[in-house]
Amino acid sequence: MREVLLVTGSSGIAAATARLWPDGQPVFIVGSDAAGCEALAAELPEAAYFVSDVRDEMGVRAAVQSCLERFGRIDALFNVAGISARSRGDGPLHECSSEGWDAAMDVNAKGTFLMCREVLRAWMESGRRGAILNTGSVLARHPEPRYFSTAGYAASKGAIEAMSLAAAAYYAPHGIRINVLAPGLVKTPMSERAQGNPEILEFVKQKQPLTQSMLSAEDIARMAVFLLRRDSGAVTGQVITVDGGWSVA
């Protein structure tokens, strides 16, 4: 049976997951980068896309409707789109700017909320089962004050965890599963600052001892595909950490 994946974002973990989605299974991409969405869709056997910012309520609604019109159903939603907000002033709490805090909460937490709400509305109306996977971060529970002290980002990811667990409890009787994937430090466009810092790279060798380096987007995507498909049908309300050992190092 076909399983239709709706994924937000067109690079990094989102792109890796789309590429690992089983051949012949449709992928619908929602992102703000039109060129990125188009390029990723062109790589896949069966894919379509809709250009929208996840903070745009009407855009999110139109994106979900477009997916339903194109493929007739949504089986899985993977919320990946997000920002670090460091460039907007996120940082230690006493230094964190209001702009940085608002940006992190608006894109990461609100964007995830809007996408979840719209897909859940469609599923509740149709009586369809499905799976939602939201993207958290190891920093929500295992902070790192030297190099990654970003209060707004951590708070936004903590909000995603709390919302997801509350929703998982409510929707489980309807056959809808909701989980959170909490990555460690991953080599993606969002981590370019860290990738170019030799001191951070040396730190990561110790902090993520399983890989002794940044994780690859594919490391995260492999777990994401499992959690989004029917193979993980008994798993809901969980925060699954894929961090190369960060949380125990």
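The values are calculated or read from the model by the stated rules, or taken from the named source; none is laboratory data. These numbers come from a predicted model, not from an experiment. FYI the Cβ positions are ideal-geometry reconstructions off the backbone, even for glycines, and counts take in every protein chain you see.
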Looking at the range 208-235, which of its residues are within 18 Å of residue 176 (Cα to Cα), within 16 Å of the chain's Cα centre (by Cα) and either basic (Lys, Arg) or not in a helix (DSSP H, G or I) (or both)?
229
For residues in the range 126-153 being in a helix (DSSP H, G or I) and among the hydroxyl-bearing types (Ser, Thr, Tyr), which is nearest to residue 176 (Cα to Cα)?
126
Residue 177 meets each of (1) basic (Lys, Arg); (2) within 22 Å of residue 83 (Cβ to Cβ); (3) in contact with a strand residue (DSSP E or B) (Cβ under 7 Å, 6 or more places away or on another chain) with one exception, condition (2)
Quick one: would you say residue 181 is touching a residue at least 60 places away in the same chain (Cβ under 8 Å) and crowded, with 20+ Cβ neighbours inside 10 Å?
yes
Check on residue 160, closer than 26 Å to residue 101 by Cα and in a helix (DSSP H, G or I):
yes
Picking from 133, 165, 120, which residue would you name as being crowded, with 21+ Cβ neighbours inside 10 Å and at pLDDT 95 or above?
133
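Can you go through 205, 187, 157 and tell me which one is buried (at least 24 other Cβ atoms within 10 Å of the Cβ) and free of Cβ contacts under 8 Å to residues at least 60 places away in the same chain?
157
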What's the total number of residues in the range 107-125 that are of a type in the set (Phe, Trp, Tyr) and either over 17 Å from residue 162 (Cβ atoms) or not in a helix (DSSP H, G or I) (or both)?
1
